[in-house]
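K.L.:
Here it is: the structure, laid out below.
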Amino acid sequence: VISLLGIWAIGHRQFEVTVLRHIIHADLDAFYAAVEQLDNPDLVGKPILVGGRPENRGVVATASYEARQFGVHSAMPMRTAVHRCPQGIIVLPRFSRYKEKSVEVMTIFRELTPLVEPLSMDEAYLDITSVVESGEKPLAVALDLKRRVVEETGLIVSVGVGTCKTVAKIGSDLDKPDGLVVVQPGEEADFLAPLAVNKLWGIGPKTAERLNREGIETIGQLADEPLEWFAKMFGKRAVNIRGKAMGQDN
């Protein structure tokens, strides 16, 4: 288990103190499309394509899960999206409205803990260590957070819980939509091991291809490699990537 390291000075000696951290990664599901469906109930259950018009070389900002079933995804040219999903309903983005809903959600996050690190309008890390240390179970905290978000904003959030950011972020993505994955302390490496190597933060498509050519397809296989191998493969990032592959991320 990787944890936050603090140094306590007592007299002339220093003692390293290990504090087990509890991190949530919260990610709103199909955020822009979900807001559009929230504001216009006629769109609920229909394939929504939020983005620019295809004739203007628009791209998909967010696709509802109904549209994703046809292979549509964010950053795809709208022309391609419409070809794959002809019944898709194109909705022009309303970023001011999305910002309003984001503020509502982030307010709920900050009412749970002041240690919130937003990554974008629709996702953030929350350090809930102090909440857990006060006697709450991580699962209970996550369930209550999901409940509050849907009741107070009408939006669905997927949540991953772990002892570090890497595990929490991967967990939030595994069971979407409306997902909840809790990785218990000490189970980080076992949780990551069977997952595809490109699930790991910092492993892009080209790096994943290079690793696959080396016979490494899972995070577990990556974690088994010695540090010297990591140094040759990743250079300055060697220690960082190896730690994340082992579920050790400070």
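The values are calculated or read from the model by the stated rules, or taken from the named source; none is laboratory data. Treat the numbers as computed from the prediction; the structure is a model and nothing was measured. Cβ coordinates were reconstructed from backbone atoms using ideal geometry, including for glycine residues, and neighbour counts include every protein chain displayed. Quick note on the areas: whole protein, heavy atoms, side chains included, nothing else; ligands and nucleic acids left out. Shrake-Rupley method; radii C 1.70, N 1.55, O 1.52, S 1.80 Å.
K.L.:
When segment 79-130 is examined, which residues are found to be charged (D, E, K, R), over 22 Å from Gly154 (Cα atoms) and over 21 Å from the mean Cα position of the chain (by Cα)?
P.N.:
If the condition is that a residue be charged (D, E, K, R), over 22 Å from Gly154 (Cα atoms) and over 21 Å from the mean Cα position of the chain (by Cα), then Arg79, Arg84 are the ones that fit.
K.L.:
Another one. Can you name the number of the only condition in (1) closer than 22 Å to Pro118 by Cα; (2) surrounded by fewer than 17 Cβ atoms within 10 Å (Cβ to Cβ); (3) in contact with a helix residue (DSSP H, G or I) (Cβ under 6 Å, 6 or more places away or on another chain) that Ala231 fails?
P.N.:
The single condition Ala231 does not satisfy is (1).
K.L.:
Identify all residues within segment 166-185 that are touching a residue at least 40 places away in the same chain (Cβ under 8 Å), out of contact with any Lys or Arg (no Cβ under 9 Å at 6 or more places or on another chain) and open to solvent by 50 Å² or more (accessible area, probe 1.4 Å); write none if there are none.
P.N.:
The answer is Lys176, Pro177, Pro185.
K.L.:
Name the one entry in Gly51, Gly45 that is at pLDDT 95 or above and more than 19 Å from Ser96 (Cβ to Cβ). Before the answer, list the steps.
P.N.:
Details: Gly51 fails: more than 19 Å from Ser96 (Cβ to Cβ).
Matching residue, one of Gly51, Gly45: Gly45.
K.L.:
Given segment 149-250, what helices (runs of 4 or more DSSP H) lie entirely inside it while holding 1 or more residues that are in contact with a strand residue (DSSP E or B) (Cβ under 7 Å, 6 or more places away or on another chain)?
P.N.:
Values: elements: 165-174, 188-192, 205-213, 219-223, 227-234, 238-245.
The helices (runs of 4 or more DSSP H) meeting that bar are 165-174, 188-192.
K.L.:
To continue, here is another question. So Tyr65 ticks every box in (1) open to solvent by 30 Å² or more (accessible area, probe 1.4 Å); (2) out of contact with any Asp or Glu (no Cβ under 8 Å at 6 or more places or on another chain) but one. Which box is left unticked?
P.N.:
Evaluating Tyr65 over (1) open to solvent by 30 Å² or more (accessible area, probe 1.4 Å); (2) out of contact with any Asp or Glu (no Cβ under 8 Å at 6 or more places or on another chain) leaves (2) as the failure.
K.L.:
Right, something else. Is there any pair linking a residue in segment 52-74 that is without any contact (Cβ under 8 Å) to a residue 24 or more places away in the chain to one that is polar (S, T, N, Q) and surrounded by fewer than 17 Cβ atoms within 10 Å (Cβ to Cβ), with Cβ under 7 Å and at least six apart or on different chains, and which?
P.N.:
Val60/Ser74
K.L.:
Return the residues of segment 128-137 that are open to solvent by less than 30 Å² (accessible area, probe 1.4 Å) and either without any contact (Cβ under 8 Å) to a residue 40 or more places away in the chain or within 20 Å of Asp249 (Cα to Cα) (or both); say none if nothing qualifies. Walk me through it before giving the result.
P.N.:
Step one: of segment 128-137, the residues open to solvent by less than 30 Å² (accessible area, probe 1.4 Å) are 128-129, 131-132.
Correct list: Ile128, Thr129, Val132.
K.L.:
A further question follows. Checking the conditions here, which among Ser120, Ser102 is crowded, with 16+ Cβ neighbours inside 10 Å and of a type outside the set (A, V, I, L, M)? Please lay out each step first, then the result.
P.N.:
Values: Ser120 fails: crowded, with 16+ Cβ neighbours inside 10 Å.
Going through Ser120, Ser102 in turn, the sole match is Ser102.
K.L.:
Still on this structure, I have one more. For the subset of segment 68-91 comprising residues that are under 21 Å from Asp122 (Cα atoms) and in contact with a Lys or Arg (Cβ under 8 Å, 6 or more places away or on another chain), which member is most open to solvent (accessible area, probe 1.4 Å)?
P.N.:
Among residues in segment 68-91 that are under 21 Å from Asp122 (Cα atoms) and in contact with a Lys or Arg (Cβ under 8 Å, 6 or more places away or on another chain), the one most open to solvent (accessible area, probe 1.4 Å) is Ile90.
K.L.:
Can you tell me how many residues in segment 157-188 are more than 17 Å from Leu112 (Cβ to Cβ) and β-branched (Val, Ile, Thr)?
P.N.:
Qualifying residue count for the region: 6.
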